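Engineer: Before anything else, here's the structure in question.
The values are calculated or read from the model by the stated rules, or taken from the named source; none is laboratory data. All figures in this text were calculated on a predicted structure; none of them were measured in a lab. Quick reminder, even Gly has a Cβ in these numbers, built from the backbone with ideal geometry, and neighbours come from all protein chains shown.
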Amino acid sequence: MNSNKPVPQTVDEYISDFPEDIKMILNKVRATIKSAAPDAEECISYMMPAYKQNGIIGYFAGQKKHLGFYATPNGNKEFKEELSKYKTGKGSIQFPYAADIPYDLIAAMVKFNVLKNLEKPIKKTKAKA
């Protein structure tokens, strides 16, 4: 992504800034997330595509040599075995472009996070006087 451009306001804008081969991957990740969580809200957060459904269910980002996927710490813990062959951080995963992107794993992680978010208590907002 060109760092001199303004922050994208939509996922379409975000994806449009990448080379064609990366755009194809990003669009497939987007479609995978939308299929796994059809009720999720799509937005830009932390300057990357984000998906929310009763809380964050995941982010993704195009990098030079890998797809960054951010399934939050819960997702990484639950899928520790499946993620063992990838570079991971507390809530981040690097899927190298040189290997097949595990779209099925991404879908499973998104579905897991949707279910985890449903377990969260609903936040009550204070009524204004």
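Engineer: Can you tell me which residue in segment 18-59 is nearest to VAL110 (Cα to Cα), limited to those that are more than 12 Å from the chain's Cα centre (by Cα) and surrounded by 15 or more Cβ atoms within 10 Å (Cβ to Cβ)?
Structural biologist: GLN53
Engineer: Something else: From the list VAL7, VAL110, exactly one residue is hydrophobic (A, V, I, L, M, F, W, C) and under 13 Å from the mean Cα position of the chain (by Cα). Which is it?
Structural biologist: Criteria check complete, one pass: VAL110.
Engineer: How many of the residues making up segment 28-80 are under 17 Å from ILE15 (Cα atoms) and polar (S, T, N, Q)?
Structural biologist: 3
Engineer: Then there's this: Looking at segment 7-16, can you tell me whether even one residue there is at pLDDT 95 or above, in contact with a helix residue (DSSP H, G or I) (Cβ under 7 Å, 6 or more places away or on another chain) and under 30 Å from GLU119 (Cα atoms)?
Structural biologist: Within segment 7-16, one or more residues are at pLDDT 95 or above, in contact with a helix residue (DSSP H, G or I) (Cβ under 7 Å, 6 or more places away or on another chain) and under 30 Å from GLU119 (Cα atoms).
Engineer: Regarding LYS87, is this residue touching a strand residue (DSSP E or B) at 6+ places or on another chain (Cβ under 7 Å) and of a type in the set (D, E, K, R)?
Structural biologist: yes
Engineer: Among the residues of segment 71-106, write down those that are in contact (Cβ under 8 Å) with a residue 24 or more places away in the chain, of a type in the set (A, V, I, L, M, F, W, C) and surrounded by 17 or more Cβ atoms within 10 Å (Cβ to Cβ).
Structural biologist: Within segment 71-106, ALA71, PHE79, ILE93, PHE95, ILE101, LEU105, ILE106 qualify.
Engineer: Testing ASP39 on (1) in a loop (DSSP other than H, G, I, E, B); (2) in contact with a strand residue (DSSP E or B) (Cβ under 8 Å, 6 or more places away or on another chain), one condition comes back false. Which one is that?
Structural biologist: Failed condition: (2).
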